Amino acid sequence: MNDHSPSAARAATPDLRATVSRQFDLAAARIPSLKSGLIDFLRYPKRTISLCFPVEMNDGSVRTFHGYRVVHNTAKGPGKGGMRYHPDVTMDEVIALATLMTWKCALIDVPFGGAKGGVICDTKALDESELRRITRRFIHELGDNIGPYTDVPAPDMYTNEQTMAWVYDTYAQEHPGRNNLPVVTGKPIDMGGSLGRSDATGLGTCFAAERLVMLGGVPGLPSLQGARVAVQGFGNVANAGARSFQAAGARIVAVSDSQGGIYCEDGLDLDAVAAFKREHGTVVGLPNTQSLTNEDLLATDCDVLVPAAMAGQIHEGNADAIRARLVVEGANGPVTPAGDALLAARGVVVLPDILANAGGVCVSYYEWVQNNENEQWDLEDVNRKMKRKMERAVDTVLARQRRLDRSPDVAEANDLRMAAIVVAVERIADITLKRGIWP
Ligand code: NAD
């Protein structure tokens, strides 16, 4: 029997909120012009919603589910952020992820604020009709707290375009007679989804890494051509990320999922991995590969490591075992502050989540624009625009990092994460002051 209560979830979750809060403190300390009132305003979420709702299960029983939706900041525009279905979802985790979304939207420069949501549930133990009823009831309970110009959900862990179709349909049933398509992004293509959205986050991680490498941002790694890449996860971000790195000339030597990983020195055949996972529910056991634990995967001998599954994966207990020169954060919060410090001390470069995985929200923004205009753009246009935005963000962060490096009065490493958060916080602070504090 699965436990869907908040207390059961709390025990299992790494402290992402403490991580995000610590990162913000370090960045705020590097912006002398940031007044203390503004620091508090940027630290706390604007709105938190905690819901509990009943759902009838297929066996006729009724089960109570807990869900959250948080809007962290709306200085730049409506809230924007994914919906996560996972047994470990907590309010603190959702607040942390909403905060990261604020920084991410500011950094990639789309007119959204930060938001996030989640429902405590184990999708592997639920069937499609139960997931549909959970989604419909959750969206119904959120009511007008979401909307095309207030807060716009998207997919995240264990939600997908089918979930987004139910979100859209539920909202549209309750708001008839108008164009509701922009209420949610990550929809199926034939229901107003954008071409390129499903691969955007993974593809964006590769665009960002390529740019950083090309600018000489990773000592000892002159190109992705021939680079050995290990990817943690084989979900949406990891799969598209692995394919994009492979298309850029890299060799994918390892991937994993919640049951473990696989390794192949000559490079994995990603179609065969995907087919095997579809058939067996895991990548583990694919013929002609060596099985790994997830810890082994993180310590794989490789040039680039892409953690693209969960938060808190690289920490003080295993950061010294990482052998990659570059860590590209496909997931949100996969490296803890202690992990960051240990990696920085050994010269391992971390391309931080709010930069590395911003391609998803960037194309979500394009989907929202297309929905507002009743248009559909070509895939080439979507990817070209996203690539330009990713590259511009990498350039901005690298330039800001070089300026941070010249400040004499800071003790901790001025890594790319620090520079990225500083850029984002400066932008939000600037807009907040330009708009003026209400009233
Ligand atoms: P997903 O549900 O498609 O995939 C999750 C993957 O994580 C699966 O491969 C699963 O097997 C793996 N996994 C689960 N538990 C694991 C464990 N204990 N060890 C190793 N692997 C494990 O989710 P996704 O959309 O690919 O999201 C992955 C990460 O990327 C999350 O942190 C999410 O917040 C972040 N992200 C997603 C998007 C997006 O557009 N989907 C955008 C930005 C960031």
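The values are calculated or read from the model by the stated rules, or taken from the named source; none is laboratory data. What you see is a predicted model, and the numbers here were worked out from it, not measured in a lab. All Cβ positions, even for glycine, are placed from backbone atoms using ideal geometry, and neighbour counts span all protein chains on display. These area figures cover heavy atoms from the full protein model, side chains too; ligands, DNA and RNA do not enter into them. Shrake-Rupley method; radii C 1.70, N 1.55, O 1.52, S 1.80 Å.
Over the chain, with every protein chain in place, what whole percent of the accessible area is carbon and sulfur at 1.4 Å, could you tell me?
Within the chain, the accessible surface is 49 percent carbon and sulfur.
Nearest 500 deg cm²/dmol is fine: what mean residue ellipticity at 222 nm does the chain get from its DSSP H runs of n ≥ 4 alone, each adding -39,500 (n - 2.57), divided by its residue count?
One gets -14000 deg cm²/dmol as the mean residue ellipticity at 222 nm.
Can you tell me the convex hull volume per residue for the chain, based on C-alpha atoms, in Å³ to the nearest whole number?
That works out to 143 Å³ per residue.
Under 21 Å from the Cα of residue 124, which lysines turn up, not counting those fewer than eight places away in the same chain?
The reachable lysines, counting only those whose Cα sits under 21 Å from residue 124, are 277.
On a 19 Å Cα-Cα criterion, which of the cross-link pairs 46/187; 80/104; 46/389; 76/104; 104/387 come out too long?
Result: 46/187; 46/389 exceed 19 Å.
Could you tell me whether the range 344-439 comes out rounded, prolate or oblate from its Cα gyration tensor? Rule is a ≥ b ≥ c as square roots of the eigenvalues, rounded for a/c under 1.5, then prolate if a/b exceeds b/c, otherwise oblate.
Taking the square roots of the gyration eigenvalues as a ≥ b ≥ c, the range 344-439 is oblate.
Rank 264, 302 by accessible area, highest first, at a 1.4 Å probe radius?
Correct descending sequence by accessible area is 264, 302.
Tell me the per residue accessible area of the chain using a 1.4 Å probe; a whole number in Å² is fine.
Solvent-accessible surface per residue comes out at 40 Å².
What percent does the relative contact order of the chain come to when contacts are Cα pairs within less than 8 Å and at least six residues apart?
Relative contact order comes out at 16 percent.
Would you list 251, 435, 388 from the most to the least accessible area, probe 1.4 Å?
Most to least solvent-accessible, the answer reads 435, 388, 251.
Would you please name the trypsin sites (Lys or Arg not before Pro) within the range 104-205 that are DSSP coil residues with at most 10 other C-beta atoms within 10 Å of their C-beta?
178
What figure in square angstrom, to the nearest 10, would you give for the accessible area of residue 171 with a 1.4 Å probe?
10
State which stretch of the chain is the longest one without any exposed GluC sites (Glu not before Pro), exposure meaning a DSSP loop state and at most 15 other Cβ atoms within 10 Å.
Answer from the scan: 1-264.
Can you list which of the DSSP-assigned H helices in the chain have a Cα extent of 27 Å or more along the long axis and an average Kyte-Doolittle score of at least 0.0?
416-435
Accessible surface of residue 135 in the full protein assembly, 1.4 angstrom probe, to the nearest 10 Å²?
0
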